[in-house]
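Take a look at the structure below.
Nothing in this text is a laboratory measurement; each read-out follows from the coordinates by a stated rule. Just so it is clear, the structure is predicted and the values come from calculations on it, not from any experiment.
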């Protein structure tokens, strides 16, 4: 899964969000147009169905994104090989956490 949010609209500069074959410790690095280095690291990979989504339990990978930011400490992306991105947690430097759960849809 790739993202383009740091590419400044340049579709030739994808940044890896998650590789489903990844192992804990894998790192992906990117430097944006403002010369800010963004690092994503796999911090968790399920071996059992342990993440709740609606009424199912699924296996997930958690990828932690860090960069030099005055407000956000880190962003944690939660992804599944079948449903894609299923959750995002934004950890702020003041200790607050914003959680976004994404639900699969057959639209």
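General observations
- The value of relative contact order for segment 2-101, using C-alpha pairs under 8 Å at least six residues apart, is 16 percent.
- Full extension of the chain segment joining residue 67 with residue 4 gains 21.1 nm, where the gain is 0.36 nm per residue of separation less the Cα-Cα distance.
- Diffusion constant of segment 2-55 at 4 °C, which comes from Stokes-Einstein with the Kirkwood Cα-pair radius and 1.567 mPa s, µm²/s: 99 µm²/s
- For the chain, the fraction of alpha-carbon pairs lying more than 17 Å apart is 57 percent, rounded to a whole number.
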